[in-house]
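Contents: one structure, followed by commentary.
The values are calculated or read from the model by the stated rules, or taken from the named source; none is laboratory data. Remember, predicted model here, so these are calculated numbers, not experimental data. No Cβ is skipped: glycine too gets one built from the backbone with ideal geometry, and neighbour counts run over all protein chains shown.
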Amino acid sequence: DVYAPVSGYCPGQSIPLTVHVENKSNVQLHLVKVMLRKVITYRATTPTSSTKKSKELVHTVQEGPAPAGTSKQWTINLEVPPVPPSNLVNCSIIDLDYDLKVECVVSGLHMNLRDKKYVTIGTVPLVSAGAT
């Protein structure tokens, strides 16, 4: 489970994340990766309508391990680097979004667990949560 106090941040702020892992399996969780990604969607309307998505890794942090049969909790501060703000208001052909992708890396032929949450990057801090 991943928790952040708010969903909007500005460049220079830290996103204070609480990551809670309950490993009830018999396989060790090697690490938990938290990645801030920029997601750009391009739209074309002429000559035919098409869409292209581009994902770019902006920043990553990792914690771990969590041995089999244990529970772990980490507090991670993910700093938002200088990036353009979300939601290009006056542009109808480009969408700019950001997400937090969380991946739990396990060993062997087991599948990694993945989840993502969307965050908004702005220009003016709305609250002091996560401010540096």
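Residue count for region 100-119, restricted to those that are under 21 Å from Tyr9 (Cα atoms), of a type outside the set (A, V, I, L, M) and either modelled with pLDDT of 95 or more or crowded, with 16+ Cβ neighbours inside 10 Å (or both): 1.
Determine if region 70-83 includes at least one residue that is over 20 Å from Thr120 (Cα atoms) and not in a strand (DSSP E or B). Looking through region 70-83, at least one residue is over 20 Å from Thr120 (Cα atoms) and not in a strand (DSSP E or B).
For region 69-105, the set of residues classified as out of contact with any Gly (no Cβ under 9 Å at 6 or more places or on another chain) and at positive phi consists of Gly69 only.
When Tyr42 is tested against (1) within 16 Å of Tyr9 (Cα to Cα); (2) touching a Lys or Arg at 6+ places or on another chain (Cβ under 7 Å); (3) assigned to a strand (DSSP E or B), just one condition goes unmet, and that condition is (1).
Could you check region 1-59 and list, in sequence order, the residues that are among the acidic types (Asp, Glu) and either at pLDDT 90 or above or within 18 Å of Ile121 (Cβ to Cβ) (or both)?
Residues satisfying the conditions are Glu22, Glu56.
Residues that are surrounded by 11 or more Cβ atoms within 10 Å (Cβ to Cβ) and free of Cβ contacts under 8 Å to residues at least 60 places away in the same chain were ranked within region 26-55; the one that is farthest from Ser107 (Cα to Cα) is Ala44.
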